[in-house]
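First comes the structure, then the notes that go with it.
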Amino acid sequence: MAKKSNSNQGIKCSFCGKEPSYTDILVPSPLGDTYICSECVDQIEGLLKDYYKENPSLRPVTNTKKETDETATGQKALPTPVEIREFLDQYVIGQEDAKKYLSVAVYNHYKRLAQDKDDVDIEKSNIIMVGPTGTGKTLLAKTIARQLDVPFAIVDATVLTEAGYVGEDIESLLVRLLQAADYDVAKAERGIVFIDEIDKIARKGDNPSITRDVSGEGVQQGLLKLLEGSIVNVPPNGGRKHPEQKMIAVDTKNILFICGGAFDGIERKIAHRLNTHVVGFTGSSVRSKVGSDNYLKYIAPQDLKSFGLIPEIIGRLPVLVHLDPLDREALLRVLTEPKNAITKQYEKLFAMDGVKLVFLPETLEFIVDKAIEYKLGARGLRTIVETIMMDPMYETPSTDIKELIIDREFAEEKIRKAYIG
């Protein structure tokens, strides 16, 4: 390649005409006396990025799977279950059992990708999380993906229908994963997909459907091939709006699927199983051992079947995790302790305007009491804090205030005016 020197007289970039003295490097063509400068290379790279962003189906598939697997999924680079658990503790309060189950399942899954090819083939362990709203199901999955630095996509099961009906096809689950991986197929095939609201596709009765259940049992049947592992043709721009587009083949064998749902009402099925199958004089003593405050800790696969999940899909989600409802102490910790705690977020927002924001302890207790009253879990905390802070966020940037203290009286007034309490 040509660099800046006096011996390069007459050499110039064939694209822009720059001479060696006006550019860093001139790269020669192997076919003749043609050169291109580093500035033109940068411009062409930017044009290609914009072009493939507008036409993702035309992006060439990179064949870096072997190299990526050796670097990103090797056992040495993979954090241990204890390290995964410690990272989760920085962002998620409570849910000790769920953190342990998830840490082990994720560790085994990515260790499986680095396994040697021999007689023992380790199967992947997809996960299903059951817990009330606002207990941290989505946050757990998102935090694990952040630590492992793998593509992560959140999809909603409620919009899925069987092929040919109004809604989204099953294959659309993988479109967002491809987008998160910048359409690098090899990278997407090592990603994590979180399917939210999995309980909304439960079939309407315990018996197999004799009529079309296009958003229930039919969707569960369609999910089987994705969860088990198969090569799926994915439309990069959506299957129904652009039927002429080129499909991208994605192998789901190494994609970890984490499903989550509130399963509202499943406590009654758990209670029925625990409290009605006891016969004899020991019945009362057995019942007394089962606490009615949190039946989810006793959840079993047969309860999911009674709720409406088909046995085939339950078998492809072998790791069953329950999340406990957040009590008053846990909600108070959620407000202040995690790295992305709600109060820390607002303190940073005001600090960007040069204002020091302080929440008094009695204010935090009032916010937690209201969240418990509304039964919205951790999500309710954000709603209440947003209502309290709306006027200060509107007025403070236009004033010279350097410190803002939020007391309980101020918080009660804002909640009362908003007709929430």
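The values are calculated or read from the model by the stated rules, or taken from the named source; none is laboratory data. Every value quoted in this text rests on a predicted model; they were computed, and no experiment measured them. Neighbour counts run over all protein chains shown; Cβ positions are idealised from the backbone, glycine included. Side chains are part of the model used for accessible areas, which takes the heavy atoms of the whole protein and leaves out ligands, DNA and RNA. Shrake-Rupley method; radii C 1.70, N 1.55, O 1.52, S 1.80 Å.
Please compute the length gained on full extension between Glu373 and Glu45, using 0.36 nm multiplied by the number of residues separating them and subtracting their Cα-Cα distance.
Separation in residues times 0.36 nm, less the Cα-Cα distance, equals 112.5 nm.
For the stretch 123-163, which whole percent of the accessible surface, found with a 1.4 angstrom probe, sits on carbon and sulfur atoms?
48
What FRET efficiency would be calculated for the residue pair Gln90, Asp33, taking the C-beta separation as r and a Förster radius of 41 Å, to the nearest 0.05?
So, using R0 = 41 Å, E works out to roughly 0.10.
Structure shown: which of Lys225/Lys305; Lys99/Lys297; Lys100/Lys348 lie over 21 Å apart, alpha-carbon to alpha-carbon?
Lys100/Lys348
How many percent of Cα pairs in the stretch 303-421 exceed 21 Å?
Values: 3396 of 7021 pairs.
Of all Cα-Cα pairs in the stretch 303-421, 48 percent lie more than 21 Å apart.
If the chain between Asp407 and Glu337 were fully stretched, how many nm would it gain, using 0.36 nm times the residue separation less the Cα-Cα distance?
Values: separation 70, 0.36 × 70 = 25.20 nm, distance 1.95 nm.
Gain in length upon complete extension: 23.2 nm.
By how many nm would the segment from Gln147 to Lys253 lengthen if fully extended, with 0.36 nm per residue of separation less the alpha-carbon distance? Don't skip to the answer; put the middle values down first.
On the way: separation 106, 0.36 × 106 = 38.16 nm, distance 2.16 nm.
Full extension from Gln147 to Lys253 adds 36.0 nm.
Would you mind counting up the charge near Glu409? Only other residues with Cβ under 12 Å from its Cβ, with Lys and Arg at +1 and Asp and Glu at -1.
Within the 12 Å Cβ shell, the charges total -1.
Once the Cβ-Cβ distance between Asp182 and Tyr298 is put in as r, and R0 is 45 Å, what FRET efficiency do you end up with, to the nearest 0.05? It would help to have the intermediate numbers written out before the result.
Numbers: r = 43 Å, r/R0 = 0.96.
Step by step, r from the Cβ atoms, then E = 0.55.
At each listed q (0.24 Å⁻¹), what is the log10 of I(q)/I(0) that the Debye formula gives for the stretch 350-407 modelled as equal alpha-carbon point scatterers?
-0.96
What is the sum of charges, Lys and Arg at +1 and Asp and Glu at -1, for the other residues whose Cβ falls under 9 Å from the Cβ of Lys297? Don't skip to the answer; put the middle values down first.
Numbers: positive: none; negative: Asp97, Asp324.
Net of charged neighbours comes to -2.
If His322, His109, His272 are ordered by their accessible area, calculated over protein heavy atoms with a 1.4 Å probe, which sequence runs from highest to lowest?
Of His322, His109, His272, the descending order of accessible area is His272, His322, His109.
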